[in-house]
Amino acid sequence: MADRVPLDFDPPVRQLRALLLGVDDNELTAPTPCDDWTVAALLDHLMGLAYAFTQAARKRTDTPGADGPPPQPSAQRLSRHWRSRLPVLLEDLATAWKDPAAWTGTATAGGATMPATAMGTVAMNELIMHSWDLARATGQDYAADPRTLEVLLEFLSQGPSEGVPGMFGPAIPADPEDELLQQVLCRAGRNARWRPPRNPELPVIPAA
């Protein structure tokens, strides 16, 4: 059924689930490309967005969080069962957006109502961006389907370059020769060259 809808959530959900397996408990306090978010806060945000966008696909407007912006991600609020719970939420997300009806009419999440096609694209963008955030913060590789990235780049390019508060940061100039993922990251306001800060407790070994 995925070929009947604009975007297939199955591949990025599988990728993110694989990334979750590579997260060590001692990395939960590590920084991420998202300002002031640790890995734990990022995981908390992923749980919230997976639930919210699933309900949006199902046209539910009576669920918690549908009528207002989501709470600030918090490491303290992250469920201690996130390793088992988050993969289930992600599978629900992929299943919900397989239904062609999810892409019709309007959809509501976080207090915003918009055309369902736009909401689905925003959900995909959140999934891709935060998967990259998690991969970069935990030293894992990440790649996304070029066809999906092309859709996201076109969608993001239609928005204001100064960004949309709560959704996208101000666009960062990108080289047209950059890889497609880097272009999408920059357009969404990400520093595509972000790396975790060097551990000051480790000695710096000079190059030979």
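Read-outs throughout are calculated quantities, based only on the coordinates presented, and are distinct from any laboratory measurement. Given the structure is predicted, the values throughout are model-derived calculations rather than measurements. Methodologically, a virtual Cβ is constructed for each residue, glycine included, from the backbone with ideal geometry; neighbour enumeration extends over all protein chains shown.
Pairs of alpha-carbon atoms within less than 8 angstrom and 6+ residues apart define the contacts here; what relative contact order does the chain have, in percent? Present the calculation step by step, with values, prior to reporting the outcome.
Numbers: 276 pairs, mean separation 47.0, N = 208.
Worked out over the chain, it gives 23 percent.
So what is the calculated 222 nm ellipticity per residue for the chain, using -39500 (n - 2.57) for each DSSP H run with n of 4 or more, over all residues, to the nearest 500 deg cm²/dmol? Numbers along the way, then the final one.
On the way: 6 runs with 88 residues, N = 208.
Value at 222 nm, helices only: -14000 deg cm²/dmol.
What is the gain in length, in nm to one decimal, between Arg198 and Ala75 on full extension, counting 0.36 nm per residue of separation less the C-alpha to C-alpha distance? Intermediate values should be presented prior to the final figure.
On the way: separation 123, 0.36 × 123 = 44.28 nm, distance 2.19 nm.
Stretched fully, the Arg198-Ala75 segment lengthens by 42.1 nm.
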The FRET efficiency for Thr29 and Glu162, from their Cβ-Cβ distance with R0 = 35 Å and rounded to 0.05, is 0.65
Simple spin-label estimate for Ala18/Asp67, 7 Å along Cα→Cβ, in nm, reads 4.2
Taking a crude spin-label model, label points 7 Å out from Cα along the C-beta direction, the Thr113 to Asp36 distance in nm is 3.1
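Per Stokes-Einstein, at 25 °C and 0.890 mPa s, what whole-number D in µm² s⁻¹ belongs to segment 2-142, with the Kirkwood radius over Cα pairs as the hydrodynamic radius? Please report the intermediate quantities before stating the final value.
Details: Rh = 15.2 Å.
Result for D is 162 µm²/s.
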